[in-house]
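Below is one structure, written out as structure tokens, with a few remarks after it.
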Amino acid sequence: MMDVREILQKVKNNELSIADAEAYFRRAPFEELGYAKLDTHRYSRSGFAEVVFCSGKTDEQLVQIFKHLVLDRGEALGTRATQDQYERLCEIFPDMQYDPVSRLLKIVSANKELRGRVVVCTAGTADIPVAEEAAQTAEYFGVYVERIYDVGVSGLHRLLAHLERIQSAYCVIAVAGMEGALASVLGGLVRNPVIGVPTSVGYGAGAQGVSALLTMLNSCANGVATVNIDNGYGAGYLAAQINRLALQKGEG
């Protein structure tokens with residue numbers, strides 16, 4: 001799918017007729033599949049194509065959704081997928097990739113350029129699945145990502161050993177369960193935005209991530225924004241938007 005600027009440029013260069021351009025703009029802004037309405041114009045509006053939440057969908061629904069998305073953009077990303085869903089989709093899409101840690105399915109365009117700089121930090125090793133969902137989502141959207149894992153506040157020297165790398169990022173993602181203090185610590189150390197991702201890692205009083213969520217929401221550090229519990233995808237998407245703004249500022 002072409003964006004508006006690309007279409008207008010093709011018309012200007014006599015590579016596309018006015019009639020064809022008009023027909024393109026008259027297309028419905030979504031594709032009706034009955035059980036899903038694929039937002040085919042999302043890339044034109046936001047710069048990022050629609051992503052599939054795989055949990056709860058049948059194999060046949062996923063097959064048809066991915067067929068349309070791949071035909072439209074040449075690539076596709078699915079979140080919260082299972083091994084069984086991957087094996088079914090892989091029969092149709094041999095180049096489908098699956099990461100069992102992040103539970104992401106993806107078909108990625110060849111030679112994708114990764115630009116900018118986002119750092120993803122975790123408090124502990126148990127937070128890595130959510131962190132990988134964030135990191136790989138950002139990478140899918142064209143971001144260069146560095147990972148710094150297991151640098152929680154119980155051993156602050158581990159975090160400080162990587163401070164230069166962290167401070168050079170356009171955006172930092174802090175993934176933490178238990179009490180969720182990592183986001184506040186990072187917020188006090190960097191000049192650019194911090195995205196807090198509370199995870200459901202922890203003991204009983206952690207309430208499946210609610211404790212970490214409340215800590216991040218009540219952070220005394222400036223510049224900390226918080227997404228939902230275990231929402232690595234949301235953090236990766238937001239980091240990609242921040243990274244894009246930083247790149248545009250640098251290019252301007």
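Working carefully through the options D20, D99, D84, find the one that is under 20 Å from E133 (Cα atoms), free of Cβ contacts under 8 Å to residues at least 40 places away in the same chain and open to solvent by 60 Å² or more (accessible area, probe 1.4 Å).
Of the residues listed, the single one that is under 20 Å from E133 (Cα atoms), free of Cβ contacts under 8 Å to residues at least 40 places away in the same chain and open to solvent by 60 Å² or more (accessible area, probe 1.4 Å) is D84.
Does T40 satisfy being surrounded by 16 or more Cβ atoms within 10 Å (Cβ to Cβ), polar (S, T, N, Q), in contact with a strand residue (DSSP E or B) (Cβ under 7 Å, 6 or more places away or on another chain) and closer than 23 Å to A135 by Cα?
In short, no.
If you take the residues in region 51-66 that are in contact (Cβ under 8 Å) with a residue 24 or more places away in the chain and part of a helix (DSSP H, G or I), which one is nearest to F141 (Cα to Cα)?
If we take residues in region 51-66 being in contact (Cβ under 8 Å) with a residue 24 or more places away in the chain and part of a helix (DSSP H, G or I), then F66 is nearest to F141 (Cα to Cα).
Is it the case that I128 is farther than 23 Å from V51 by Cα, open to solvent by less than 60 Å² (accessible area, probe 1.4 Å) and of a type in the set (A, V, I, L, M)?
For I128, the condition - farther than 23 Å from V51 by Cα, open to solvent by less than 60 Å² (accessible area, probe 1.4 Å) and of a type in the set (A, V, I, L, M) - is not met.
I need the full set of residues from region 71-129 which are in a loop (DSSP other than H, G, I, E, B), of a type in the set (G, A, S) and under 22 Å from V175 (Cβ atoms), in order please.
A81, S102, A123, G124, listed by residue number.
Is it the case that some residue within region 108-117 is of a type in the set (A, V, I, L, M, F, W, C), open to solvent by less than 20 Å² (accessible area, probe 1.4 Å), in contact (Cβ under 8 Å) with a residue 12 or more places away in the chain and in contact with a helix residue (DSSP H, G or I) (Cβ under 9 Å, 6 or more places away or on another chain)?
Among the residues of region 108-117, not one is of a type in the set (A, V, I, L, M, F, W, C), open to solvent by less than 20 Å² (accessible area, probe 1.4 Å), in contact (Cβ under 8 Å) with a residue 12 or more places away in the chain and in contact with a helix residue (DSSP H, G or I) (Cβ under 9 Å, 6 or more places away or on another chain), which makes the answer no.
Tell me whether region 51-74 contains one or more residues that are surrounded by 13 or more Cβ atoms within 10 Å (Cβ to Cβ), at pLDDT below 85 and among the aromatic types (F, W, Y).
no
Among the helices (runs of 4 or more DSSP H) lying completely within region 158-252, list those that include at least 2 residues that are open to solvent by 50 Å² or more (accessible area, probe 1.4 Å).
Those helices (runs of 4 or more DSSP H) span 163-167, 210-217, 232-251.
The values are calculated or read from the model by the stated rules, or taken from the named source; none is laboratory data. Computed from a predicted model, the values in this text were never measured in an experiment. All Cβ positions, glycine included, derive from the backbone under ideal geometry; neighbour counts span all protein chains shown. Only protein heavy atoms, including side chains, enter the accessible area calculation; ligands, DNA and RNA are left aside. Shrake-Rupley method; radii C 1.70, N 1.55, O 1.52, S 1.80 Å.
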